[in-house]
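The values are calculated or read from the model by the stated rules, or taken from the named source; none is laboratory data. These numbers come from a predicted model, not from an experiment. Here the Cβ positions follow ideal geometry from the backbone for every residue, glycine too, while neighbour counts run over all protein chains shown. Heavy atoms of the whole protein, side chains included, go into the accessibility calculation; ligands, DNA and RNA do not. Shrake-Rupley method; radii C 1.70, N 1.55, O 1.52, S 1.80 Å.
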Amino acid sequence: MTDTRPLSHGQEAQWFLHQLVPGATAYLTGVAVRIRDAVDVAALGRVVELLAVRHEMLRSTFTTDGGRPVRRVRETSRLRLEHHALGAVGEEELRGRVTAALAAPYRLDEDGAFRIVLWTRPDGDAVLLVGGHHIATDAASDAVLLRDLLRLYASCATGTDARLPVLRGGFDEEVAKERALLASPRGAELGRHWQRICHGSAAAELPTDLPRPATPSLSGATCRVAVPAATAARLREAARTAGVTPFALLLGAFQGLLYRTTRQRDFLIGCPVTTRMSSNSLHLVGNFINTIVLRAAIEPSTSFHDLAVAVAEQVRTGVDAIRYPFSLVARDLGRAPAAGRARAYAISFNMLSTAHLEPALRPVLDTGRPDTTTDYAGIALRPYPLPQQEGQLDLGVDVVQGPSTLTCDFRYDGALFERATVERLARHYVRAVEIAVADPATRVARAPLWAAAPAAPPTTDIQGVSA
(Lines give C-alpha, C1' and ligand atoms only; values in the text may rest on other atoms or scores of the structure.)
Protein backbone atom coordinates (compact mmCIF):
# COMPACT_ATOMS: atom_id res chain seq x y z
CA MET A 1 0.00 0.00 0.00
CA THR A 2 1.27 3.49 -0.86
CA ASP A 3 0.11 7.03 -0.10
CA THR A 4 0.53 9.72 -2.76
CA ARG A 5 1.70 13.12 -1.54
CA PRO A 6 2.27 16.46 -3.34
CA LEU A 7 5.77 17.91 -3.64
CA SER A 8 7.09 21.27 -2.54
CA HIS A 9 8.16 23.72 -5.25
CA GLY A 10 11.79 22.95 -4.40
CA GLN A 11 11.16 19.23 -4.89
CA GLU A 12 9.39 19.87 -8.19
CA ALA A 13 12.44 21.80 -9.38
CA GLN A 14 14.66 18.87 -8.36
CA TRP A 15 12.41 16.48 -10.28
CA PHE A 16 12.68 18.68 -13.37
CA LEU A 17 16.48 18.66 -13.19
CA HIS A 18 16.54 14.89 -12.59
CA GLN A 19 14.44 14.33 -15.70
CA LEU A 20 16.61 16.74 -17.69
CA VAL A 21 19.93 15.04 -16.84
CA PRO A 22 19.15 11.76 -15.03
CA GLY A 23 22.80 10.86 -14.43
CA ALA A 24 23.96 14.27 -13.16
CA THR A 25 25.77 14.32 -9.82
CA ALA A 26 25.28 18.01 -9.02
CA TYR A 27 22.26 17.43 -6.77
CA LEU A 28 23.49 14.39 -4.88
CA THR A 29 24.52 14.86 -1.28
CA GLY A 30 25.64 12.85 1.69
CA VAL A 31 27.79 12.46 4.76
CA ALA A 32 30.45 9.87 5.55
CA VAL A 33 32.41 8.87 8.62
CA ARG A 34 35.41 6.64 9.18
CA ILE A 35 34.77 3.97 11.84
CA ARG A 36 37.81 2.96 13.85
CA ASP A 37 36.13 -0.03 15.53
CA ALA A 38 35.05 -3.44 14.28
CA VAL A 39 31.55 -3.24 12.81
CA ASP A 40 28.73 -5.71 13.47
CA VAL A 41 27.47 -5.73 9.88
CA ALA A 42 24.34 -7.75 10.61
CA ALA A 43 23.31 -5.38 13.42
CA LEU A 44 23.95 -2.35 11.23
CA GLY A 45 21.78 -3.90 8.53
CA ARG A 46 18.89 -4.26 10.99
CA VAL A 47 19.40 -0.67 12.09
CA VAL A 48 19.06 0.60 8.51
CA GLU A 49 15.66 -1.08 8.33
CA LEU A 50 14.63 0.53 11.63
CA LEU A 51 15.79 3.89 10.30
CA ALA A 52 13.45 3.55 7.31
CA VAL A 53 10.56 2.78 9.65
CA ARG A 54 11.29 5.95 11.63
CA HIS A 55 11.70 8.33 8.67
CA GLU A 56 9.03 8.11 5.98
CA MET A 57 11.21 9.93 3.45
CA LEU A 58 13.36 6.79 3.34
CA ARG A 59 10.25 4.84 2.33
CA SER A 60 9.37 7.34 -0.41
CA THR A 61 9.69 7.10 -4.16
CA PHE A 62 9.11 9.86 -6.72
CA THR A 63 7.13 9.61 -9.91
CA THR A 64 4.40 11.40 -11.87
CA ASP A 65 0.64 11.22 -11.48
CA GLY A 66 -1.56 12.99 -13.99
CA GLY A 67 1.46 14.75 -15.42
CA ARG A 68 2.60 16.18 -12.06
CA PRO A 69 5.49 14.89 -9.95
CA VAL A 70 4.42 13.30 -6.67
CA ARG A 71 5.90 11.45 -3.70
CA ARG A 72 4.65 8.00 -2.86
CA VAL A 73 5.17 6.66 0.66
CA ARG A 74 5.35 2.90 1.02
CA GLU A 75 4.64 0.83 4.11
CA THR A 76 8.03 -0.82 3.73
CA SER A 77 11.27 0.42 2.27
CA ARG A 78 13.58 -1.10 -0.31
CA LEU A 79 16.49 0.57 1.43
CA ARG A 80 19.04 -1.94 2.67
CA LEU A 81 22.60 -1.67 3.89
CA GLU A 82 25.08 -2.18 1.06
CA HIS A 83 28.19 -3.83 2.50
CA HIS A 84 31.48 -4.23 0.66
CA ALA A 85 34.18 -6.25 2.40
CA LEU A 86 37.44 -5.07 0.87
CA GLY A 87 40.87 -6.55 0.91
CA ALA A 88 43.92 -4.56 1.96
CA VAL A 89 43.17 -1.73 -0.46
CA GLY A 90 44.89 1.64 -0.14
CA GLU A 91 43.37 4.97 0.76
CA GLU A 92 43.15 6.14 -2.84
CA GLU A 93 41.13 3.14 -3.95
CA LEU A 94 38.88 3.35 -0.90
CA ARG A 95 38.17 7.03 -1.54
CA GLY A 96 37.44 6.26 -5.17
CA ARG A 97 34.84 3.69 -4.15
CA VAL A 98 33.20 6.05 -1.66
CA THR A 99 32.99 8.99 -4.07
CA ALA A 100 31.69 6.72 -6.84
CA ALA A 101 28.92 5.45 -4.56
CA LEU A 102 28.01 9.01 -3.55
CA ALA A 103 27.75 9.98 -7.23
CA ALA A 104 25.89 6.90 -8.47
CA PRO A 105 22.51 7.80 -10.07
CA TYR A 106 19.24 7.15 -8.25
CA ARG A 107 16.18 5.42 -9.62
CA LEU A 108 13.83 7.74 -7.78
CA ASP A 109 10.70 6.06 -9.08
CA GLU A 110 11.73 2.55 -8.03
CA ASP A 111 14.25 2.61 -5.21
CA GLY A 112 13.81 6.04 -3.69
CA ALA A 113 16.33 8.75 -2.91
CA PHE A 114 18.75 7.23 -0.36
CA ARG A 115 21.57 4.74 -0.05
CA ILE A 116 23.58 3.61 2.96
CA VAL A 117 26.88 1.91 2.19
CA LEU A 118 29.58 0.37 4.38
CA TRP A 119 33.12 -0.54 3.31
CA THR A 120 35.21 -2.65 5.70
CA ARG A 121 38.91 -3.48 5.54
CA PRO A 122 40.76 -6.33 7.29
CA ASP A 123 42.51 -3.98 9.73
CA GLY A 124 39.23 -3.03 11.43
CA ASP A 125 38.95 0.23 9.52
CA ALA A 126 35.62 1.08 7.84
CA VAL A 127 33.84 3.94 6.09
CA LEU A 128 30.08 4.49 6.36
CA LEU A 129 28.22 6.60 3.79
CA VAL A 130 24.72 8.03 4.12
CA GLY A 131 23.90 9.35 0.65
CA GLY A 132 20.80 10.92 -0.85
CA HIS A 133 19.25 12.93 -3.65
CA HIS A 134 18.42 16.56 -2.90
CA ILE A 135 14.77 15.95 -3.77
CA ALA A 136 14.46 14.24 -0.38
CA THR A 137 17.28 15.49 1.82
CA ASP A 138 19.66 18.30 2.75
CA ALA A 139 22.78 18.69 4.90
CA ALA A 140 20.81 18.92 8.15
CA SER A 141 18.85 15.79 7.19
CA ASP A 142 22.10 13.95 6.50
CA ALA A 143 23.24 14.80 10.03
CA VAL A 144 19.89 13.66 11.47
CA LEU A 145 20.14 10.32 9.67
CA LEU A 146 23.73 9.78 10.78
CA ARG A 147 22.86 10.61 14.39
CA ASP A 148 19.85 8.28 14.45
CA LEU A 149 21.77 5.50 12.71
CA LEU A 150 24.66 5.64 15.17
CA ARG A 151 22.40 5.81 18.22
CA LEU A 152 20.28 2.89 17.02
CA TYR A 153 23.42 0.87 16.31
CA ALA A 154 24.82 1.59 19.76
CA SER A 155 21.52 0.65 21.37
CA CYS A 156 21.56 -2.71 19.58
CA ALA A 157 25.05 -3.39 20.93
CA THR A 158 24.27 -2.38 24.50
CA GLY A 159 20.59 -3.25 24.78
CA THR A 160 19.80 0.27 25.95
CA ASP A 161 17.33 2.86 24.70
CA ALA A 162 18.56 4.86 21.69
CA ARG A 163 16.97 8.02 23.17
CA LEU A 164 15.92 9.43 19.82
CA PRO A 165 13.89 12.67 19.68
CA VAL A 166 10.16 12.24 19.19
CA LEU A 167 9.11 13.11 15.64
CA ARG A 168 6.24 15.57 15.41
CA GLY A 169 4.53 16.40 12.17
CA GLY A 170 5.98 15.54 8.80
CA PHE A 171 7.22 16.98 5.55
CA ASP A 172 3.66 17.15 4.24
CA GLU A 173 2.98 19.89 6.77
CA GLU A 174 5.78 21.95 5.23
CA VAL A 175 4.27 21.48 1.76
CA ALA A 176 0.85 22.52 3.05
CA LYS A 177 2.28 25.64 4.71
CA GLU A 178 4.04 26.59 1.47
CA ARG A 179 0.87 26.20 -0.56
CA ALA A 180 -1.18 28.20 1.95
CA LEU A 181 1.40 31.00 1.89
CA LEU A 182 1.44 31.18 -1.90
CA ALA A 183 -2.36 31.36 -2.00
CA SER A 184 -2.43 34.25 0.49
CA PRO A 185 -1.90 38.01 0.07
CA ARG A 186 1.33 37.57 2.04
CA GLY A 187 2.66 35.28 -0.67
CA ALA A 188 2.06 37.91 -3.36
CA GLU A 189 3.77 40.51 -1.16
CA LEU A 190 6.85 38.31 -0.76
CA GLY A 191 7.01 37.77 -4.51
CA ARG A 192 7.06 41.54 -5.02
CA HIS A 193 9.80 41.82 -2.37
CA TRP A 194 12.13 39.58 -4.37
CA GLN A 195 11.29 41.36 -7.61
CA ARG A 196 12.34 44.66 -6.01
CA ILE A 197 15.61 43.12 -4.80
CA CYS A 198 16.51 41.79 -8.25
CA HIS A 199 15.13 44.53 -10.50
CA GLY A 200 17.86 46.32 -12.44
CA SER A 201 20.64 43.96 -11.36
CA ALA A 202 22.24 40.90 -12.93
CA ALA A 203 23.91 37.73 -11.78
CA ALA A 204 27.58 38.00 -10.85
CA GLU A 205 29.56 36.16 -13.50
CA LEU A 206 33.25 35.36 -13.46
CA PRO A 207 35.25 35.42 -16.71
CA THR A 208 35.45 31.80 -17.85
CA ASP A 209 38.52 29.96 -19.09
CA LEU A 210 36.50 27.89 -21.57
CA PRO A 211 33.50 28.67 -23.81
CA ARG A 212 30.20 28.10 -22.06
CA PRO A 213 28.58 24.95 -23.50
CA ALA A 214 25.03 25.06 -24.83
CA THR A 215 23.95 22.55 -22.16
CA PRO A 216 25.41 22.75 -18.64
CA SER A 217 27.60 19.80 -17.69
CA LEU A 218 26.22 19.68 -14.11
CA SER A 219 29.58 18.29 -13.03
CA GLY A 220 32.78 19.74 -11.69
CA ALA A 221 35.35 19.61 -8.92
CA THR A 222 36.14 21.14 -5.55
CA CYS A 223 39.12 23.17 -4.39
CA ARG A 224 39.52 23.53 -0.62
CA VAL A 225 41.53 26.23 1.14
CA ALA A 226 41.94 26.82 4.87
CA VAL A 227 41.78 30.25 6.47
CA PRO A 228 44.85 30.70 8.71
CA ALA A 229 44.13 29.79 12.31
CA ALA A 230 44.97 33.27 13.60
CA THR A 231 42.44 34.91 11.26
CA ALA A 232 39.78 32.29 12.03
CA ALA A 233 40.28 32.92 15.75
CA ARG A 234 39.81 36.70 15.32
CA LEU A 235 36.75 36.42 13.06
CA ARG A 236 34.05 36.42 15.74
CA GLU A 237 35.52 39.37 17.63
CA ALA A 238 36.04 41.36 14.42
CA ALA A 239 32.44 40.74 13.39
CA ARG A 240 31.16 41.66 16.85
CA THR A 241 33.15 44.90 16.81
CA ALA A 242 31.74 45.71 13.36
CA GLY A 243 28.21 45.02 14.61
CA VAL A 244 27.58 42.15 12.18
CA THR A 245 27.65 38.36 12.15
CA PRO A 246 30.68 36.34 11.00
CA PHE A 247 28.60 35.26 7.99
CA ALA A 248 28.01 38.89 6.97
CA LEU A 249 31.70 39.74 7.25
CA LEU A 250 32.76 36.66 5.28
CA LEU A 251 30.18 37.29 2.57
CA GLY A 252 31.12 40.96 2.41
CA ALA A 253 34.71 39.90 1.76
CA PHE A 254 33.51 37.58 -1.00
CA GLN A 255 31.41 40.30 -2.62
CA GLY A 256 34.45 42.57 -2.54
CA LEU A 257 36.52 39.92 -4.27
CA LEU A 258 33.84 39.45 -6.95
CA TYR A 259 33.76 43.21 -7.58
CA ARG A 260 37.53 43.33 -8.00
CA THR A 261 37.52 40.23 -10.23
CA THR A 262 34.50 40.95 -12.45
CA ARG A 263 34.36 44.78 -12.25
CA GLN A 264 30.59 44.47 -11.80
CA ARG A 265 29.38 47.17 -9.43
CA ASP A 266 25.85 45.83 -9.02
CA PHE A 267 25.30 42.07 -8.94
CA LEU A 268 23.33 39.20 -7.43
CA ILE A 269 24.49 36.00 -5.75
CA GLY A 270 22.45 33.21 -4.19
CA CYS A 271 22.59 32.11 -0.57
CA PRO A 272 21.07 28.75 0.40
CA VAL A 273 19.02 28.98 3.61
CA THR A 274 17.08 26.53 5.71
CA THR A 275 13.30 26.67 6.00
CA ARG A 276 13.30 24.70 9.26
CA MET A 277 11.43 27.42 11.11
CA SER A 278 9.75 25.35 13.82
CA SER A 279 10.94 22.89 16.45
CA ASN A 280 8.81 20.19 14.80
CA SER A 281 11.01 20.23 11.69
CA LEU A 282 14.39 20.00 13.45
CA HIS A 283 14.51 16.20 13.47
CA LEU A 284 12.70 15.52 10.19
CA VAL A 285 14.30 14.34 6.96
CA GLY A 286 13.51 16.28 3.80
CA ASN A 287 14.58 19.08 1.49
CA PHE A 288 14.21 22.12 3.74
CA ILE A 289 16.45 24.32 1.59
CA ASN A 290 15.50 27.48 -0.28
CA THR A 291 17.67 30.22 -1.80
CA ILE A 292 17.58 33.91 -1.09
CA VAL A 293 19.17 36.37 -3.50
CA LEU A 294 21.49 39.04 -2.09
CA ARG A 295 22.46 42.14 -4.01
CA ALA A 296 25.76 43.98 -3.83
CA ALA A 297 26.03 47.63 -4.90
CA ILE A 298 29.62 48.85 -4.72
CA GLU A 299 31.07 52.34 -5.15
CA PRO A 300 34.74 53.43 -5.08
CA SER A 301 34.31 54.43 -1.44
CA THR A 302 32.66 51.17 -0.29
CA SER A 303 34.47 49.37 2.52
CA PHE A 304 34.32 45.77 3.65
CA HIS A 305 32.38 47.02 6.67
CA ASP A 306 29.83 48.68 4.37
CA LEU A 307 29.33 45.44 2.48
CA ALA A 308 28.96 43.42 5.68
CA VAL A 309 26.37 45.84 7.06
CA ALA A 310 24.42 45.69 3.78
CA VAL A 311 24.54 41.88 3.87
CA ALA A 312 23.28 41.85 7.46
CA GLU A 313 20.34 44.10 6.56
CA GLN A 314 19.41 42.07 3.49
CA VAL A 315 19.61 38.83 5.45
CA ARG A 316 17.38 40.34 8.15
CA THR A 317 14.69 41.27 5.64
CA GLY A 318 15.31 38.20 3.51
CA VAL A 319 14.78 35.77 6.39
CA ASP A 320 11.21 37.03 6.65
CA ALA A 321 10.72 36.01 3.02
CA ILE A 322 12.60 32.71 2.84
CA ARG A 323 9.43 30.65 2.50
CA TYR A 324 8.77 32.09 -0.96
CA PRO A 325 10.22 29.41 -3.30
CA PHE A 326 13.19 30.57 -5.33
CA SER A 327 11.91 28.70 -8.39
CA LEU A 328 8.99 31.15 -8.39
CA VAL A 329 11.33 34.13 -7.96
CA ALA A 330 13.17 33.06 -11.12
CA ARG A 331 9.88 32.53 -12.93
CA ASP A 332 8.53 35.93 -11.87
CA LEU A 333 11.71 37.59 -13.13
CA GLY A 334 11.58 35.79 -16.45
CA ARG A 335 14.79 33.97 -15.45
CA ALA A 336 13.36 30.52 -14.91
CA PRO A 337 15.84 27.63 -15.02
CA ALA A 338 16.91 26.88 -18.57
CA ALA A 339 18.72 23.65 -19.29
CA GLY A 340 19.18 23.10 -15.58
CA ARG A 341 20.70 26.47 -14.65
CA ALA A 342 18.91 29.21 -12.75
CA ARG A 343 19.84 32.52 -14.34
CA ALA A 344 18.91 34.80 -11.46
CA TYR A 345 22.33 33.91 -10.02
CA ALA A 346 25.34 31.93 -11.22
CA ILE A 347 27.40 32.04 -8.00
CA SER A 348 26.34 31.02 -4.50
CA PHE A 349 27.82 31.54 -1.06
CA ASN A 350 26.99 29.48 1.99
CA MET A 351 28.32 29.19 5.51
CA LEU A 352 28.05 25.78 7.11
CA SER A 353 28.49 25.39 10.84
CA THR A 354 28.38 22.46 13.22
CA ALA A 355 27.12 24.73 16.02
CA HIS A 356 23.49 23.59 15.57
CA LEU A 357 24.44 19.95 16.14
CA GLU A 358 24.55 18.26 19.51
CA PRO A 359 28.03 18.87 20.98
CA ALA A 360 29.10 15.22 20.79
CA LEU A 361 28.39 15.05 17.04
CA ARG A 362 30.15 18.29 16.05
CA PRO A 363 33.72 16.96 15.86
CA VAL A 364 32.51 13.91 13.90
CA LEU A 365 31.31 16.22 11.11
CA ASP A 366 34.13 18.77 11.30
CA THR A 367 35.76 17.91 7.97
CA GLY A 368 38.41 20.55 8.58
CA ARG A 369 39.98 18.09 11.03
CA PRO A 370 39.74 14.67 9.36
CA ASP A 371 42.40 13.10 11.60
CA THR A 372 40.54 13.76 14.85
CA THR A 373 39.01 10.65 16.44
CA THR A 374 35.88 11.15 18.54
CA ASP A 375 33.83 8.75 20.61
CA TYR A 376 30.14 9.01 19.71
CA ALA A 377 27.60 6.60 21.21
CA GLY A 378 30.51 4.36 22.15
CA ILE A 379 31.89 4.24 18.59
CA ALA A 380 35.28 5.66 17.58
CA LEU A 381 34.71 7.90 14.54
CA ARG A 382 36.58 10.33 12.31
CA PRO A 383 35.21 12.86 9.79
CA TYR A 384 35.45 11.80 6.14
CA PRO A 385 35.38 14.77 3.72
CA LEU A 386 33.49 14.19 0.49
CA PRO A 387 33.24 16.14 -2.77
CA GLN A 388 29.60 16.74 -3.63
CA GLN A 389 27.08 18.95 -5.43
CA GLU A 390 29.73 20.06 -7.88
CA GLY A 391 28.67 21.87 -11.05
CA GLN A 392 25.27 23.12 -9.85
CA LEU A 393 26.40 26.64 -10.74
CA ASP A 394 29.42 28.40 -12.22
CA LEU A 395 30.79 28.57 -8.67
CA GLY A 396 29.48 27.62 -5.26
CA VAL A 397 31.46 28.60 -2.16
CA ASP A 398 30.87 26.80 1.13
CA VAL A 399 32.63 28.20 4.18
CA VAL A 400 32.76 25.40 6.74
CA GLN A 401 33.13 26.57 10.32
CA GLY A 402 34.25 24.02 12.86
CA PRO A 403 34.97 24.58 16.57
CA SER A 404 38.48 25.84 15.76
CA THR A 405 38.75 25.73 11.96
CA LEU A 406 37.52 27.71 8.97
CA THR A 407 37.82 26.04 5.58
CA CYS A 408 36.45 27.18 2.22
CA ASP A 409 35.26 24.78 -0.47
CA PHE A 410 35.15 26.29 -3.96
CA ARG A 411 32.89 24.00 -6.01
CA TYR A 412 33.24 24.93 -9.65
CA ASP A 413 31.94 23.93 -13.08
CA GLY A 414 34.79 22.03 -14.70
CA ALA A 415 33.47 22.84 -18.17
CA LEU A 416 34.06 26.55 -17.52
CA PHE A 417 37.14 26.91 -15.33
CA GLU A 418 40.64 25.50 -15.11
CA ARG A 419 41.68 24.34 -11.68
CA ALA A 420 44.52 26.90 -11.50
CA THR A 421 42.00 29.73 -11.90
CA VAL A 422 39.90 28.49 -9.00
CA GLU A 423 42.97 27.92 -6.84
CA ARG A 424 44.01 31.52 -7.42
CA LEU A 425 40.51 32.79 -6.65
CA ALA A 426 40.42 30.76 -3.43
CA ARG A 427 43.73 32.22 -2.26
CA HIS A 428 42.56 35.74 -3.09
CA TYR A 429 39.42 35.13 -1.05
CA VAL A 430 41.47 34.13 1.98
CA ARG A 431 43.45 37.34 1.50
CA ALA A 432 40.19 39.32 1.38
CA VAL A 433 39.06 37.68 4.62
CA GLU A 434 42.36 38.52 6.30
CA ILE A 435 42.01 42.17 5.30
CA ALA A 436 38.33 42.37 6.28
CA VAL A 437 39.03 40.83 9.69
CA ALA A 438 42.12 42.97 10.36
CA ASP A 439 40.50 46.26 9.28
CA PRO A 440 36.86 46.18 8.08
CA ALA A 441 37.09 49.90 7.23
CA THR A 442 39.45 49.11 4.32
CA ARG A 443 38.02 50.32 1.02
CA VAL A 444 37.39 47.39 -1.29
CA ALA A 445 38.76 49.22 -4.33
CA ARG A 446 42.08 49.86 -2.56
CA ALA A 447 42.52 46.52 -0.77
CA PRO A 448 45.77 44.75 -1.75
CA LEU A 449 44.00 41.52 -2.70
CA TRP A 450 46.54 40.50 -5.29
CA ALA A 451 49.50 40.91 -2.97
CA ALA A 452 50.83 37.64 -1.69
CA ALA A 453 49.82 36.95 1.87
CA PRO A 454 52.68 36.45 4.37
CA ALA A 455 52.09 32.70 4.13
CA ALA A 456 49.89 31.90 1.13
CA PRO A 457 47.53 29.09 2.17
CA PRO A 458 47.78 25.91 0.10
CA THR A 459 44.76 24.60 -1.74
CA THR A 460 43.60 21.01 -1.67
CA ASP A 461 41.87 19.15 -4.46
CA ILE A 462 38.90 17.16 -3.20
CA GLN A 463 38.56 14.65 -6.00
CA GLY A 464 35.07 14.31 -7.42
CA VAL A 465 33.28 12.24 -10.00
CA SER A 466 31.93 13.83 -13.16
CA ALA A 467 28.43 13.21 -14.42
In degrees, nearest ten, helix 304-319 long axis to first principal axis of the chain (Cα): 50
More than 26 angstrom apart: percent of Cα pairs within the stretch 179-308: 43
Gyration tensor verdict on the stretch 241-368 (Cα atoms; rounded if a/c is under 1.5, prolate if a/b is larger than b/c, oblate otherwise): oblate
Sorted peptide list for 307-313, 429-435, 75-81, criterion being average Cβ within 10 angstrom, highest first: 429-435, 307-313, 75-81
The stretch 191-268: C-alpha gyration tensor shape, a/c 1.5 cut-off, then a/b vs b/c: oblate
Scattering curve values for the stretch 68-226, log₁₀ I(q)/I(0), Debye with Cα scatterers, q = 0.10, 0.14, 0.15, 0.17 Å⁻¹: -0.66, -1.12, -1.19, -1.30
Space enclosed by the convex hull of the alpha-carbon atoms of the chain, per residue, Å³: 145
Percent antiparallel among DSSP beta bridges (both partners in the chain, rounded to 5): 80
Inter-part distance where the stretch 435-451 and the stretch 75-119 are each reduced to a Cα centre, Å: 45
Degrees, to the nearest 10: 419-438 long Cα axis against longest axis of the chain: 70
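Kindly give the semi-axes, whole Å and largest first, of the ellipsoid equivalent to the stretch 169-216, taking each as the square root of 5 times a Cα gyration tensor eigenvalue.
Equivalent ellipsoid semi-axes, largest first: 34, 19, 8 Å.
If I take every Cα pair under 8 Å that is 6 or more residues apart in the chain, average their sequence separation and divide by the length, what percent do I get for the relative contact order?
Averaging sequence separation for qualifying contacts and normalising by length gives 22 percent for the chain.
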Whether the stretch 1-135 is rounded, prolate or oblate, judged on the alpha carbon gyration tensor where a/c under 1.5 counts as rounded: oblate
Sequence-separation-based contact order of the stretch 273-415, relative, with Cα cut under 8 Å and 6+ spacing, percent: 17
Cα-based radius of gyration of the stretch 117-192 once divided by 2.2 N^0.38 Å, which approximates compact folds: 1.69
Distance (nanometres) between label positions extended 7 Å along Cα→Cβ at Glu75 and Thr63: 1.7
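Would you mind getting the Kirkwood hydrodynamic radius of the stretch 23-98 from its Cα pairs, rounded to one decimal in Å?
15.6
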Portion, in percent, of the accessible area of the chain that falls on carbon or sulfur, probe 1.4 Å: 52
Alpha-carbon centroid distance for the pair the stretch 286-323 / the stretch 171-244, whole angstrom: 8
Computed Rg/Rh of the stretch 1-54, alpha carbon atoms with Kirkwood Rh: 1.12
Paired Rg and Dmax values of the stretch 296-403, which use every Cα atom, in angstrom: 18.6, 56
Positive dipole terminus of the stretch 158-214, leading residue within Ser201, Val175, Leu190 (C-beta point charges): Leu190
Kirkwood estimate for the stretch 246-292, i.e. one over the average of 1/r between Cα atoms, Å: 13.0
Dipole in debye (nearest 20) - the stretch 187-312, about Cα centre, beta carbon charges: Lys, Arg +1; Asp, Glu -1: 140
The stretch 66-140, relative contact order [Cα under 8 Å, separation at least 6], %: 33
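Mind putting a number on the dipole of the stretch 362-419 about its Cα centre? Charges go on the C-beta only, +1 for Lys and Arg and -1 for Asp and Glu, and I need it in Debye to the nearest 20.
220
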Solvent exposure of the chain as accessible area per residue, Å², 1.4 Å probe: 41
With Cα atoms, 0 to 90° folded angle of helix 229-242 axis to the chain main axis: 60
